[in-house]
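This is the structure I want to talk about, given as structure tokens.
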Amino acid sequence: MTTGITITAIDPDWFGVQLEDGATTTSHRVHVPDALIAGLGLADIDRERIVHESFAFLLEREPPSSILGEFSLDVIPRYFPEYHDELRRRLEKR
């Protein structure tokens, strides 16, 4: 079970993410595209929070070692069609 998600802003659209899974740490670089934010109506949500909830979503479905090292959040629905609906639900809860 993953014990930690650490997010570091690289620039406004890119984030570094480290996942701690026991003694193993994986590193990821993720892009948050403006079109995704606008399309989902999430302009008022902090992008770091969107990244965190996106990784929490992914970790419920696959181990950290299976998550791509670098990707854009807009590719997640190709693998998990429920991503957009679930992301909105998660962001409304807080």
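For region 1-40, how many residues meet the condition of being touching a residue at least 40 places away in the same chain (Cβ under 8 Å) and of a type outside the set (Ser, Thr, Tyr)?
The number of residues fulfilling the criteria is 11.
How about region 22-39: which of its residues are outside any helix (DSSP H, G or I) and open to solvent by 50 Å² or more (accessible area, probe 1.4 Å)?
GLY22, ALA23, THR24, THR25, SER27, ARG29, listed by residue number.
Examine region 40-61 for a residue that is open to solvent by 60 Å² or more (accessible area, probe 1.4 Å) and either among the aliphatic types (A, V, I, L, M) or assigned to a strand (DSSP E or B) (or both), and state whether such a residue exists.
Yes: region 40-61 contains one or more residues that are open to solvent by 60 Å² or more (accessible area, probe 1.4 Å) and either among the aliphatic types (A, V, I, L, M) or assigned to a strand (DSSP E or B) (or both).
Within the set of pairs 6+ apart or on separate chains, which have a first residue in region 46-74 that is touching a residue at least 40 places away in the same chain (Cβ under 8 Å) and over 12 Å from SER27 (Cα atoms), a second that is in a loop (DSSP other than H, G, I, E, B) and basic (Lys, Arg), and C-beta atoms under 8 Å apart?
Every condition considered, the pairs that remain are ARG49/ARG94.
With respect to SER72, is the statement that it is within 11 Å of the chain's Cα centre (by Cα), closer than 21 Å to LYS93 by Cβ and of a type in the set (Gly, Ala, Ser) true?
Here the answer is no, as SER72 does not meet what is asked.
Check off (1) buried (at least 17 other Cβ atoms within 10 Å of the Cβ); (2) under 21 Å from PRO81 (Cα atoms) for LEU19 and give me the number that stays unchecked.
The one condition LEU19 does not meet is (2).
Name the residue, out of LEU87, LEU58, that is at pLDDT 95 or above and closer than 18 Å to GLN18 by Cβ.
Result of the check over LEU87, LEU58: LEU58.
Whether any residue in region 76-84 is of a type outside the set (Val, Ile, Thr) and under 16 Å from SER27 (Cβ atoms) is what I want to check.
no
Could you please find all residues in region 63-94 being touching a His at 6+ places or on another chain (Cβ under 8 Å), outside any helix (DSSP H, G or I) and either open to solvent by less than 80 Å² (accessible area, probe 1.4 Å) or among the aromatic types (Phe, Trp, Tyr) (or both)?
Hits for region 63-94 are ILE67, GLY69, PHE71, SER72.
The values are calculated or read from the model by the stated rules, or taken from the named source; none is laboratory data. Quantities reported herein were computed from a predicted structural model and do not represent experimental measurements. Virtual Cβ from ideal backbone geometry, glycine too; neighbours counted across all protein chains shown. What goes into the accessible areas is simple: the full protein's heavy atoms, side chains included, and nothing from ligands, DNA or RNA. Shrake-Rupley method; radii C 1.70, N 1.55, O 1.52, S 1.80 Å.
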